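First comes the structure, then the notes that go with it.
The values are calculated or read from the model by the stated rules, or taken from the named source; none is laboratory data. None of these values were measured; they are calculated from a predicted model. Positions of Cβ are backbone-derived with ideal geometry, glycine not excepted, and every protein chain shown enters the neighbour counts.
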Amino acid sequence: MSVRLAMWSGPRNISTAMMRAWENRADTTVWDEPLYAHYLQTTGLIHPGGDTIIADGLTNWHDVATRATGPIPHDAPVFYQKHMTHHLLPEIPRDWLTNLTHVFLIRDPREVLLSYTRSRETVTLEDIGFTQQTALFDWLTQQQGQAPLVIDSGDFLRAPRVYLEKLCDHVGIQFSDTMLTWPPGPRDSDGVWAPHWYASVEKSTHFAPWQERPGTLSGELAGIEAAARPHYAKLKAGRWRP
C-alpha cells in the first residue's frame with residue numbers, strides 16, 4: 001500500500017514541525033513545499049533567498065504534479081508532501097490532486113500574522129493562504145463527495161499524540177511513537193529557504209505545548225486579519241476534534 005499525503009497550510013503554522021514528525025518515521029519520505037519555485041518564478045514576488053529557491057526547485061507545475069503522483073522516492077510506502085496553499089496558483093490545473101490524500105492544517109490568522117511579520121516586513125492577504133485554502137477545500141469537497149480532514153494547530157498542540165493517531169488512521173497506516181520526538185538540527189530534505197524560516201524548528205525536538213501568542217494587530221494588518229478570519233472560521237467549524 002502506498003500513501004501520498006498532501007498537507008495543506010498557510011505559512012507560519014506548525015507545518016515544518018509536522019514534516020519533522022512524519023520524516024522521523026522509518027517508512028516515510030517527505031517533500032518540502034514542492035510548488036515554491038514555480039510560485040516565485042511565475043509571480044515574480046521577492047522572497048528571502050528567492051533566486052536560490054527558483055534555481056534549486058521545480059519551476060514547472062507539471063513536473064511537480066508528475067513527481068507528487070508518481071513513484072514514491074526511495075521506494076518508501078508513505079510520501080508526505082508539505083504544501084502551501086498560496087503556492088497553488090489559480091492557473092494550475094487541479095485534476096492531478098485527486099490522486100493524493102488531503103489534510104488541511106489551519107491556524108488563527110492573528111497568530112499567523114504576528115509570526116509572519118517577524119520575517120517579512122510586508123504581507124498581503126494572498127501571502128498567508130487563507131482564501132486559497134478555502135477555495136481548495138471547496139473544490140476537493142465537491143470532487144470527493146466529502147470534506148477533507150481539517151486539523152487546527154492550536155488543538156493539535158494540546159494533544160499531539162491524539163491527533164497524530166487520527167492522521168495515521170485517516171491515511172490507513174499504524175501510528176508510531178517516533179512521530180512525537182526527533183533529533184534537532186537541519187535535514188537534507190529541508191528546502192533551501194530553511195536558513196530564513198526554520199531556526200526554531202531546527203532547535204526543536206518535539207511539538208511545543210500550545211501557548212497563545214501575545215500581541216495585537218493594527219492598521220493594515222488588522223484589516224488583513226479581518227479578511228482572513230471568515231475563511232479560518234469556515235474551516236475551523238468543520239475541524240476534527242476528539
Practice task
Mind counting the residues in segment 143-157 that are assigned to a helix (DSSP H, G or I), of a type outside the set (Ser, Thr, Tyr) and under 19 Å from the mean Cα position of the chain (by Cα)?
Solution key: 4
Exercise for the section: Considering only residues that are in contact with a Leu (Cβ under 8 Å, 6 or more places away or on another chain) and hydroxyl-bearing (Ser, Thr, Tyr), look in segment 27-46 and name the one that is nearest to ARG187 (Cα to Cα). Expected result: TYR39
Exercise for the section: Return a yes/no flag: does segment 97-119 have any residue that is of a type in the set (Val, Ile, Thr), surrounded by fewer than 20 Cβ atoms within 10 Å (Cβ to Cβ) and at pLDDT below 95. Expected result: yes
Practice task
Within segment 54-67, identify whether any single residue is touching a residue at least 24 places away in the same chain (Cβ under 8 Å) and closer than 30 Å to ARG229 by Cβ, and answer yes or no.
Solution key: yes
Problem - Neighbours by Cβ (under 8 Å, 6+ apart or cross-chain): first from segment 158-181, on the phi > 0 side of the Ramachandran plot; second surrounded by fewer than 16 Cβ atoms within 10 Å (Cβ to Cβ) - result: GLY172/MET1
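Residues are listed down the side, and each one gets a yes or a no for (1) among the aromatic types (Phe, Trp, Tyr); (2) touching a His at 6+ places or on another chain (Cβ under 6 Å); (3) in a helix (DSSP H, G or I):
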residue	(1), (2), (3)
THR59	no, yes, no
LEU89	no, no, no
LEU105	no, no, no
VAL112	no, no, yes
GLU121	no, no, no
PHE137	yes, no, yes
THR141	no, no, yes
ARG161	no, no, yes
ASP169	no, no, yes
Practice task
Residues being free of Cβ contacts under 8 Å to residues at least 60 places away in the same chain and under 19 Å from the mean Cα position of the chain (by Cα): count how many of those fall in segment 210-228.
Solution key: 1
Exercise for the section: State which residue pairs qualify: first residue over 19 Å from ASP177 (Cβ atoms) and inside segment 14-34, second residue part of a helix (DSSP H, G or I) and hydrophobic (A, V, I, L, M, F, W, C) in any location, beta carbons under 6 Å apart, and separation of 6 or more residues or different chains. Expected result: THR16/VAL201; PRO34/VAL64
Fill in the blank from the handout: Checked against (1) closer than 27 Å to VAL112 by Cα; (2) crowded, with 19+ Cβ neighbours inside 10 Å; (3) under 17 Å from the mean Cα position of the chain (by Cα); (4) not polar (S, T, N, Q), TRP61 satisfies every condition except (3)
